[in-house]
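The values are calculated or read from the model by the stated rules, or taken from the named source; none is laboratory data. These numbers were taken from a predicted model, which means no experiment stands behind them. With ideal geometry, Cβ positions are generated from the backbone for all residues, glycine too; neighbour counts draw on all protein chains shown. Side chains included, ligands, DNA and RNA excluded: accessible areas come from the protein's heavy atoms. Shrake-Rupley method; radii C 1.70, N 1.55, O 1.52, S 1.80 Å.
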Amino acid sequence: MCEHLSAAGRLSLIKLYSDMPPLPGAEMVHTPVQLYRYLLRCCKQLPSPAMQHHYRHAVRQGYNSHADEDDPVRIQQIIQRAIQDADWILNKYKQV
């Protein structure tokens, strides 16, 4: 179930601001595959195709590089952090 988890891709979207609310749909993310799909949808909201490509690539690489993660607590930490990081990235580019 967790063999395709991606921490690096999600964690490459760093800079956490915990006071920001998650994006719509974030509450539905409970598994690594749901997170992967959610992050790819977030990439579509970025302003330029180059940014979209960059973050899609980071998400995919991270997803594949942590296929061996099997600790449920760690998986939930990664999911929460990735959602917060994606929110930060999208808010950053909306302000520009």
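Key figures
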{"quantity": "Complete set of residues in region 42-96 that are touching a residue at least 40 places away in the same chain (Cβ under 8 Å) and of a type in the set (S, T, N, Q)", "calculated": "45, 61, 64, 65, 84, 91"}
{"quantity": "Search result, residues across region 24-44 that are open to solvent by 40 Å² or more (accessible area, probe 1.4 Å) and under 21 Å from residue 94 (Cβ atoms)", "calculated": "24, 27, 41, 44"}
{"quantity": "Candidates 39, 13, filtered to the one that is at pLDDT 90 or above and within 9 Å of the chain's Cα centre (by Cα)", "calculated": "39"}
{"quantity": "In region 45-96, residue surrounded by the most Cβ atoms within 10 Å (Cβ to Cβ) [restricted to those that are among the β-branched types (Val, Ile, Thr) and assigned to a helix (DSSP H, G or I)]", "calculated": "59"}
